[in-house]
Amino acid sequence: MASSWPLPLLLVLLLASSWAAVARTRRGDNVWEHTVVYMHERLTGPNATRLITVQSPLGGDNFGQFGVVDNELRDGPDPLRSSLCGRFQALFALAGLVSPPGMQSAVNFLFTEGKFRGSTVSVLGPILDFETTCERSIVGGTGVFRMARGYSFMRLVPEMSVPDKYSVYRLDLFIQVSSDRLPQLPPVDSVGAYDTLI
């Protein structure tokens, strides 16, 4: 007669692993969400999305210059093959006397479409160079992202940008929020998520 002890042992292991999975994502626990969006910025012309509102008293792109942006957020780098998912609205100031002067920025990601519609993410920090990856802090949000914390990476997508006319930036948002705030989401595709970010 065959021993029946493996069956109860398997049942105990199955229940223990299920309980552990539930315990890891209890309601209210903090979880990480990785979201990738693309910022499309028009630099010139009547539809420019970046505006210098105060020129530097030193002249040119220099200490004291202040401006605003209201760029499109899309789900892909190609403006013709991607969908609009929100706005990238920011204030910036050239706030350093060193070279390069360093730009301080306060940004709101406003999601108008998709799974995060009606939510915002707030980002704060410096941009020292537009040609390399820029890291800034996520300091809050609204809606799904209320009380969010985390970090973001921004990097130029050179193959989709035209110098001095149109720029496309990939934005990786790594957001820590309470699990009861997030909708049920499919797993994030991690292909390319962490490559060459830093």
Exercise for review: Considering only residues that are part of a loop (DSSP other than H, G, I, E, B) and either of a type in the set (A, V, I, L, M) or within 18 Å of Tyr38 (Cα to Cα) (or both), look in region 137-154 and name the one that is modelled with the highest pLDDT.
Suggested key: Ala148
Practice item. Output the residue which, of all residues in region 56-75 that are modelled with pLDDT under 90 and of a type in the set (S, T, N, Q), is farthest from Asp164 (Cα to Cα). Key: Ser56
Review point. Looking at Val168, Val157, Val98, which is the one that is surrounded by fewer than 19 Cβ atoms within 10 Å (Cβ to Cβ) and modelled with pLDDT of 90 or more?
Key: Val157
Revision key, fill the gap. Per the filter on region 34-75, residues open to solvent by 40 Å² or more (accessible area, probe 1.4 Å) and among the charged types (D, E, K, R) are Arg42, Arg50, Asp61, Asp70, Asp75
Review point. Does Asn108 satisfy the condition of being closer than 25 Å to Gly141 by Cβ, touching a strand residue (DSSP E or B) at 6+ places or on another chain (Cβ under 6 Å) and either among the hydrophobic types (A, V, I, L, M, F, W, C) or open to solvent by 30 Å² or more (accessible area, probe 1.4 Å) (or both)?
Key: yes
Exercise for review: Enumerate the pairs (first residue in region 137-152 and in contact (Cβ under 8 Å) with a residue 24 or more places away in the chain; second residue anywhere and among the basic types (Lys, Arg)) with beta-carbon separation below 7 Å, excluding pairs fewer than 6 apart on the same chain, so at least 6 apart or on different chains.
Suggested key: Ile138/Arg149; Val144/Arg181; Arg146/Arg181; Ser152/Arg136
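The values are calculated or read from the model by the stated rules, or taken from the named source; none is laboratory data. Worth saying up front: this structure is predicted, and the values here are computed from it rather than measured. Using ideal geometry, Cβ is built from the backbone for each residue, glycine included, and neighbour counts are taken over all protein chains shown. Surface accessibility is based on the protein's heavy atoms, side chains included, excluding ligands, DNA and RNA. Shrake-Rupley method; radii C 1.70, N 1.55, O 1.52, S 1.80 Å.
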